[in-house]
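First comes the structure, then the notes that go with it.
The values are calculated or read from the model by the stated rules, or taken from the named source; none is laboratory data. Everything numeric here is computed off the predicted structure, so don't read it as measured data. Here Cβ is always computed from backbone atoms with ideal geometry, including for glycine, and neighbour counts include all displayed protein chains.
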Amino acid sequence: MAAASNVSLFAVVEDDGTRLACMYKPIAGERPLWDFPSGTLALREVATYVLSAASGWDVVPPTVLRADGPFGPGSVQAWVGEDTAPTDTALGPDTAPHPVDVVGPGNVPPGWLHVLDAIDADGDPVSLVHADDQTLRHLAVLDVVANNADRKGGHILRGPGGRTLGIDHGLTFNTADKLRTVLWGWAGHPLPGDVLDTLRRLATDLDGPSALHDTLARLLTPDEIRRTAARARHLTRTRRHPAPSGTGPPIPWPPF
């Protein structure tokens, strides 16, 4: 994937005649960052999937850590999109309308939420919007708990049956507040009761001992796990989607 900031390779996993298309991100291809420990982005990719699976929301494609990739250890995630060959399997094509879009000012479609107004590259006024659906909301809450610093519109895909899935989770679980996302349409809105129940359970499991805590302990530092539990618990106290804090850029750049 030539446009990726870190080495991201389309690959195929083969097992007993079954071929699964996937995205392989070797640790050796990670670009050093000043605010994330070197060689940890693949671990954070896997940790986000683990958290998503534990929540029951399943908004991240299956992601594992493989030690035997052709370029060394790295994360391997099931591919969401068109197959590249008839024998390859993936999580289905990304054919449904994209859940994040740019529209003319004041033209928010029914069932969508307004995020912000801006000026495009041609100097024309536009509005950033996203769909108001339950699965996308689950992804937005997961991003808060995981402290996702890079939720671009292009990191949200439509999988089988129009199912919303998030990808590209290397910039997560920092102990400093770094939430940057295009999914601010729910800012200040009350969190649904079932989401609050899930957050309470996650906070308890993150405190350990639990299967979730034990799995994340192999991927994240103790401080990162404690901060993740604290973010989940904070949401259960406020009972609302957070709003931008003003401590840093609230939206990643570029936003798509």
**Criterion violated by Val102 - all others in (1) closer than 30 Å to Ala121 by Cα; (2) surrounded by fewer than 18 Cβ atoms within 10 Å (Cβ to Cβ); (3) within 17 Å of the chain's Cα centre (by Cα); (4) at pLDDT 90 or above satisfied** = (3)
**Request:** Test Leu165 against the stated conditions and say whether it is in contact (Cβ under 8 Å) with a residue 60 or more places away in the chain, closer than 23 Å to Ala42 by Cβ and either of a type in the set (A, V, I, L, M) or crowded, with 22+ Cβ neighbours inside 10 Å (or both).
**Result:** yes
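Determine which member of the set Ala203, Ala176 is of a type in the set (Gly, Ala, Ser) and either assigned to a helix (DSSP H, G or I) or under 11 Å from the mean Cα position of the chain (by Cα) (or both). Walk me through it before giving the result.
Details: Ala176 fails: either assigned to a helix (DSSP H, G or I) or under 11 Å from the mean Cα position of the chain (by Cα) (or both).
None of the other options fit; the residue is Ala203.
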**Prompt:** So which residues in the range 7-16 are in a loop (DSSP other than H, G, I, E, B) and surrounded by 10 or more Cβ atoms within 10 Å (Cβ to Cβ)?
**Reply:** Val7, Ser8
**Residues satisfying the stated conditions in the range 17-57, i.e. in contact with a helix residue (DSSP H, G or I) (Cβ under 6 Å, 6 or more places away or on another chain) and in a loop (DSSP other than H, G, I, E, B)** = Glu30, Gly39, Trp57
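Can you work out which of the residues in the range 213-241 that are of a type in the set (Val, Ile, Thr) and assigned to a helix (DSSP H, G or I) is surrounded by the most Cβ atoms within 10 Å (Cβ to Cβ)? Let's see the steps before the verdict.
Initially, the range 213-241 is screened for residues of a type in the set (Val, Ile, Thr), giving 215, 221, 225, 228, 236, 238.
Restricting the remaining residues to those that are assigned to a helix (DSSP H, G or I) gives 215, 225, 228, 236, 238.
Working: Thr215: 16, Ile225: 21, Thr228: 25, Thr236: 16, Thr238: 11.
By that ranking, first place goes to Thr228.
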**Asked** Of everything in the range 187-200 that's out of contact with any strand residue (DSSP E or B) (no Cβ under 7 Å at 6 or more places or on another chain) and not in a helix (DSSP H, G or I), which residue is nearest to Pro254 (Cα to Cα)?
**Response** Ala187
**Message:** Can you tell me which residue is surrounded by the fewest Cβ atoms within 10 Å (Cβ to Cβ) among those in the range 195-212 that are among the charged types (D, E, K, R) and either in contact (Cβ under 8 Å) with a residue 40 or more places away in the chain or out of contact with any helix residue (DSSP H, G or I) (no Cβ under 8 Å at 6 or more places or on another chain) (or both)?
**Reply:** Asp197
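Can you tell me which of Leu33, Leu20, Leu51, Leu41 is modelled with pLDDT under 95, closer than 17 Å to Phe173 by Cα, aliphatic (A, V, I, L, M) and surrounded by 12 or more Cβ atoms within 10 Å (Cβ to Cβ)? Give the derivation first.
Numbers: Leu20 fails: closer than 17 Å to Phe173 by Cα; Leu51 fails: modelled with pLDDT under 95; Leu41 fails: modelled with pLDDT under 95.
That would be Leu33, the only listed residue that is modelled with pLDDT under 95, closer than 17 Å to Phe173 by Cα, aliphatic (A, V, I, L, M) and surrounded by 12 or more Cβ atoms within 10 Å (Cβ to Cβ).
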**Request:** For residues that are assigned to a strand (DSSP E or B), touching a Phe, Trp or Tyr at 6+ places or on another chain (Cβ under 7 Å) and not hydrophobic (A, V, I, L, M, F, W, C), tally how many sit in the range 130-173.
**Result:** 1
